[in-house]
Amino acid sequence: MAEQIPAPKPLKLDGNAAENWRRWKKAFELYMTATEKDKKSQKIQCATFLTLAGEAAITVYETLTFEDTEKDKIEPKQKPDESVEQFVMELKRLAKNCEYGELTNSIVKDRIVEGISNDRTRARLLREKDLSLERCMDVCKAAEVADKHMKTLTDKSRKTKEMQL
């Protein structure tokens, strides 16, 4: 059955590159889900991504430098102890060397949405219409601050209850 599902055509970088990327990325995600390749190892997912994206993507990929923990991975994820600010700075650093041009902000934004460790924040970002990188960062930072305040309040409440016992 999965063999009958057509793969997306290679990514076109001419014309409206941002729109081409958005549409191609969605087609790729649908293809990965429909063929259940999204359940395969990160190495296979990365190879599938590059194969389907085409020669231009492979050329960009070959110019990148990866940490050992990043090699052959399709999605960068926020580390458990990494702040949103640190995560975004790292994504921007990685994107800087890729020569994405006008696609850079869109790609960084997509990576934030997909890689942010807080599922509630991801859901909030996915509900945003016409999400820009700036708005994405604002939502993530606000959620991070709110989570810290909630933890502080919870800790204070717990200590107060312990003192009453």
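Tabulated values for the structure
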{"item": "Extreme residue, modelled with the lowest pLDDT, among residues of the range 123-134 that are closer than 22 Å to Glu19 by Cα and open to solvent by less than 90 Å² (accessible area, probe 1.4 Å)", "result": "Glu128"}
{"item": "Wholly within the range 74-141, helices (runs of 4 or more DSSP H) carrying at least 3 residues that are polar (S, T, N, Q) and out of contact with any Pro (no Cβ under 6 Å at 6 or more places or on another chain)", "result": "104-115"}
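The values are calculated or read from the model by the stated rules, or taken from the named source; none is laboratory data. Values in this document were obtained by computation on a predicted structure and should not be read as measured data. Cβ coordinates were reconstructed from backbone atoms using ideal geometry, including for glycine residues, and neighbour counts include every protein chain displayed. SASA here: full protein model, heavy atoms, side chains in, ligands and nucleic acids out. Shrake-Rupley method; radii C 1.70, N 1.55, O 1.52, S 1.80 Å.
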